[in-house]
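Visitor: Sharing a structure below in structure tokens format, with a few things to ask.
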Protein chains: 2
Amino acid sequence: MNLLTPPEGRSIDVVCVGMAIVDVLAHAEDTFLESHAMIKGSMDLIDTERALSVYAAMPPAIEVSGGSAANTAAGLASFGGAVAFVGKVAEDELGAVFAHDIRAAGVAFDIEPLSGSEAAAGTARCLILVTPDAQRTMNTYLGVAASLRPIDIDGALIASAKVLYIEGYLWDDPGAKDVIRTAIAAAREAGTRVSFTLSDGFCVDRHRAEFLELIAGDVDILFANESEICSLYETAEFEEAVSKVVGHVAVACLTRSEHGSIILTADGDRIEIPAVPATLVDTTGAGDLYAAGFLSGWTTGQSLAESGRMGSLAAGEVISHLGARPQVSLNELWKDHR
Amino acid sequence: MNLLTPPEGRSIDVVCVGMAIVDVLAHAEDTFLESHAMIKGSMDLIDTERALSVYAAMPPAIEVSGGSAANTAAGLASFGGAVAFVGKVAEDELGAVFAHDIRAAGVAFDIEPLSGSEAAAGTARCLILVTPDAQRTMNTYLGVAASLRPIDIDGALIASAKVLYIEGYLWDDPGAKDVIRTAIAAAREAGTRVSFTLSDGFCVDRHRAEFLELIAGDVDILFANESEICSLYETAEFEEAVSKVVGHVAVACLTRSEHGSIILTADGDRIEIPAVPATLVDTTGAGDLYAAGFLSGWTTGQSLAESGRMGSLAAGEVISHLGARPQVSLNELWKDHR
């Protein structure tokens, strides 16, 4: 077997790059989604006007820091890992909330907030409706999160990490493509492994060609759920998507909600990981935390199977409450679980 | 028996007046309280500097609209009541969160946010540490919440209500005393009943003489927990406090956490109400929601005992999750419970 292993001599485990977002979560009935033309389970990008109208119609909400890669960073830190997050907030109250929460979680976050006229769009927020089936439907107002630029990428930071983790959502900002190229180039040069999440089926639809190219050339560890990997290969058959992804990346982690996950290696190994039973409250962040658990294991030398089980545990914790960040120490939870 | 009854011919049930606050809630160990010189279970007023230092030290948090009387208003609306809230926010992001949440809860909230230089102090926030015993310790930065003025009091609104509900915390703003006098005078003139909560033991310490005078002359329905009523009468003996409060108000509702509550009438009746069993997660808002339940019953012609049971139910719901606003319809919960 020729399994990819983490590089030696790194001071931090993972650098996560993504959209810095504060989630605004509320419970809602399915009829709310219908009357506002929302597609259940998806992430929709919205403009200021729609953000105002959806928010005005939403039930009372709670605010919790979110952002896909940022959630993964918080999860990695909760397992005890050394993690940095790269993303953009504005110098406003939600920006202060985001910065506080990710630092308090133990994640290094050194990107200066935008201020003055550059900050006019405000810190990103994601209006999330959680239906009685615990499914989350997301409406993202990107604000300044889409203002990440290559100058924000610190090559030395990426070179000091075992893994660079990038979220697919970044492609929704046309200007962020150079950021991704810059980050990947820094990783390639330093031997830092590149990990990528497909993020969302509709996001895959919007950027399929680029994602396929990226996966074919630059990704070592891929994360995707069933609908995302099927969208990538434009098939309704999960096993067909499985057969297509093998060989393109060193490791592919495909999550399947309550059916657990499948870890595929370039050599054709297939490891099935069960889900960890949980009282389902809100699925927001399930995929993000699975990635956090898997990378926590993988960067510390655990087997793929053990890493996958850590992913399942972290996903199980985060779906048992409102919000996409862990509410307990995942390190302690894992000790008790194992 | 000469029980106080709600006045006839009113278009709304309760007008709640209080501090408009967004809660910032985090789990913390007891050692956190000790190292920051916090007194467990109390509400401490903090300035900007302390707010920044406590927030910087706090674990990752969630933001949920709060404020004592505002929580009561949200609870009353959740039972199906017609409610208005009077309090002050700034034209900032937390102010928008507060205004959205209380309106989305079904409460009328028509006070204009402060803007420009008047809004510099920002919307109030309460930094709340929830310890493993589920007890909440509050650090309140009042910001513009302490800028309520008599001009904000709409006499016609109060005259249209069955009950005016005032929180003791208001006394912590020297300028708010005229607000309270104005509101009570409007209530007295219109025959609107006056209801008052002692809010917090230390708050009672700060304003004992004024609270005693208010209770002796102007309060029809009093809410207090054990430590507050004991603080009011400067005794360690609950029964001594009970004997002292009888006769001063038409109805006194004294809450005792897991031991339920005691409802006392001016005629000397004493009704004991059991607590509703709940999985204790966070006690924030327990007293506020008890008041909401009691007033929901009382304003709709329920008996004192039935009103008290509605209070217990609402308190039981709010302590079973993080945050001080109900997460389900209390009206539906009450139907199922009864």
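The values are calculated or read from the model by the stated rules, or taken from the named source; none is laboratory data. Note that the coordinates shown come from a computational prediction; the quantities given were computed from them, not determined experimentally. Note: ideal-geometry Cβ built from the backbone for every residue, glycine included; neighbour counts use all protein chains shown.
Visitor: I'd like the full set of residues that are within 21 Å of residue A:9 (Cα to Cα), touching a residue at least 60 places away in the same chain (Cβ under 8 Å) and of a type in the set (Gly, Ala, Ser), limited to segment A:299-319.
Guide: Within segment A:299-319, just A:301 meets the criteria.
Visitor: Now a separate question. It is to be established whether one or more residues within segment A:251-267 are within 14 Å of chain B (Cβ to nearest Cβ) and in contact (Cβ under 8 Å) with a residue 40 or more places away in the chain.
Guide: no
Visitor: At pLDDT 95 or above, surrounded by 18 or more Cβ atoms within 10 Å (Cβ to Cβ) and more than 16 Å from the chain's Cα centre (by Cα), is that true of residue B:30?
Guide: When the stated conditions are applied, residue B:30 does not pass them.
Visitor: Write out, first by first residue and then by second, each pair whose Cβ atoms fall under 6 Å of each other, whose residues are 6+ apart or on separate chains, and whose first residue, in segment B:167-188, is more than 12 Å from residue B:17 (Cα to Cα) while the second is of a type outside the set (Asp, Glu) and part of a helix (DSSP H, G or I).
Guide: Hits for this filter: B:173/B:146; B:178/B:150; B:186/B:155; B:186/B:158; B:187/B:158.
Visitor: In addition: What are the pairs with Cβ atoms under 6 angstrom where one residue, in segment B:34-54, is among the β-branched types (Val, Ile, Thr) and the other, located anywhere, is surrounded by 13 or more Cβ atoms within 10 Å (Cβ to Cβ)? Sequence gap at least six, or different chains.
Guide: Pairs found: B:46/B:139; B:46/B:141; B:54/B:127; B:54/B:139.
Visitor: Kindly indicate whether residue B:42 is modelled with pLDDT of 95 or more and among the hydroxyl-bearing types (Ser, Thr, Tyr).
Guide: Details: modelled with pLDDT of 95 or more: no; among the hydroxyl-bearing types (Ser, Thr, Tyr): yes.
So residue B:42 does not fit the description; no.
Visitor: Can you work out which of the residues in segment A:55-71 that are touching a strand residue (DSSP E or B) at 6+ places or on another chain (Cβ under 6 Å) and within 13 Å of residue A:101 (Cα to Cα) is farthest from the other protein chains (Cβ to nearest Cβ)?
Guide: Applying the filter and picking the extreme gives A:67.
Visitor: Quick check: anything in segment A:282-294 within 19 Å of the chain's Cα centre (by Cα), surrounded by fewer than 16 Cβ atoms within 10 Å (Cβ to Cβ) and farther than 16 Å from residue A:196 by Cα?
Guide: The answer is no, given that none of the residues of segment A:282-294 is within 19 Å of the chain's Cα centre (by Cα), surrounded by fewer than 16 Cβ atoms within 10 Å (Cβ to Cβ) and farther than 16 Å from residue A:196 by Cα.
Visitor: Identify, by number, the condition in (1) away from chain B (no Cβ under 14 Å); (2) within 17 Å of the chain's Cα centre (by Cα) that residue A:152 doesn't meet.
Guide: (2)
Visitor: Answer with yes or no whether residue B:61 is surrounded by 24 or more Cβ atoms within 10 Å (Cβ to Cβ) and within 22 Å of residue B:315 (Cβ to Cβ). First the steps, then the outcome.
Guide: Details: surrounded by 24 or more Cβ atoms within 10 Å (Cβ to Cβ): yes; within 22 Å of residue B:315 (Cβ to Cβ): no.
Criteria not met by residue B:61.
Visitor: Where residues in segment A:1-27 are in contact (Cβ under 8 Å) with a residue 60 or more places away in the chain and among the acidic types (Asp, Glu), which of them is surrounded by the most Cβ atoms within 10 Å (Cβ to Cβ)?
Guide: Out of the qualifying residues, it is A:23.
Visitor: Quick one: which helices (runs of 4 or more DSSP H) lie wholly within segment B:224-335 and hold at least 2 residues that are modelled with pLDDT of 95 or more and within 28 Å of residue A:323 (Cβ to Cβ)?
Guide: Details: elements: B:226-232, B:238-245, B:286-299, B:304-318.
By residue number, B:286-299, B:304-318.
Visitor: Run residue A:117 past the list (1) within 14 Å of chain B (Cβ to nearest Cβ); (2) free of Cβ contacts under 8 Å to residues at least 24 places away in the same chain; (3) not basic (Lys, Arg) and report the number of the one that doesn't hold.
Guide: (1)
Visitor: Could you list, in sequence order, the residues of segment A:164-188 that are in contact with a Pro (Cβ under 7 Å, 6 or more places away or on another chain), of a type outside the set (S, T, N, Q) and buried (at least 17 other Cβ atoms within 10 Å of the Cβ)?
Guide: Residue satisfying the conditions is A:179 alone.
Visitor: Additional query: What number goes with the only condition from (1) in contact with a Lys or Arg (Cβ under 6 Å, 6 or more places away or on another chain); (2) among the aliphatic types (A, V, I, L, M); (3) at positive phi that residue B:145 does not pass?
Guide: All conditions pass for residue B:145, except number (3).
Visitor: Could you check, for segment A:122-140, whether at least one of its residues is crowded, with 18+ Cβ neighbours inside 10 Å, more than 30 Å from residue A:278 (Cβ to Cβ), in contact with a strand residue (DSSP E or B) (Cβ under 8 Å, 6 or more places away or on another chain) and away from every other protein chain (no Cβ under 13 Å)?
Guide: There is no residue in segment A:122-140 that is crowded, with 18+ Cβ neighbours inside 10 Å, more than 30 Å from residue A:278 (Cβ to Cβ), in contact with a strand residue (DSSP E or B) (Cβ under 8 Å, 6 or more places away or on another chain) and away from every other protein chain (no Cβ under 13 Å).
Visitor: If I filter segment B:18-30 for residues that are assigned to a loop (DSSP other than H, G, I, E, B), within 13 Å of chain A (Cβ to nearest Cβ) and touching a Leu at 6+ places or on another chain (Cβ under 6 Å), do I get at least one hit?
Guide: Checking segment B:18-30: at least one residue is assigned to a loop (DSSP other than H, G, I, E, B), within 13 Å of chain A (Cβ to nearest Cβ) and touching a Leu at 6+ places or on another chain (Cβ under 6 Å).
Visitor: Determine whether residue A:7 is in a loop (DSSP other than H, G, I, E, B), in contact with a His (Cβ under 8 Å, 6 or more places away or on another chain) and more than 22 Å from residue A:170 (Cβ to Cβ).
Guide: So residue A:7 fails the test.
Visitor: Can you report the number of residues in segment A:212-223 which are in contact (Cβ under 8 Å) with a residue 12 or more places away in the chain and part of a helix (DSSP H, G or I)?
Guide: Qualifying residue count, segment A:212-223: 4.
Visitor: Check residue B:97 against each of (1) in contact with a strand residue (DSSP E or B) (Cβ under 6 Å, 6 or more places away or on another chain); (2) more than 8 Å from chain A (Cβ to nearest Cβ) and name the one condition it does not meet.
Guide: (2)
Visitor: Given A:69, A:119, which one is crowded, with 24+ Cβ neighbours inside 10 Å and more than 27 Å from residue B:328 (Cβ to Cβ)?
Guide: A:69
Visitor: Please name all residue pairs, on different chains or six or more residues apart, with Cβ atoms under 6 Å, provided the first residue is in segment A:100-111 and is at the interface with chain B (Cβ under 10 Å from one of its Cβ atoms) and the second residue is surrounded by fewer than 19 Cβ atoms within 10 Å (Cβ to Cβ) and of a type in the set (A, V, I, L, M).
Guide: Short answer, once both residue conditions are applied: none.
Visitor: Counting just the residues of segment B:72-92 that are surrounded by 24 or more Cβ atoms within 10 Å (Cβ to Cβ) and within 11 Å of another protein chain (Cβ to nearest Cβ), which one comes out nearest to residue B:336 (Cα to Cα)?
Guide: Result: B:78.
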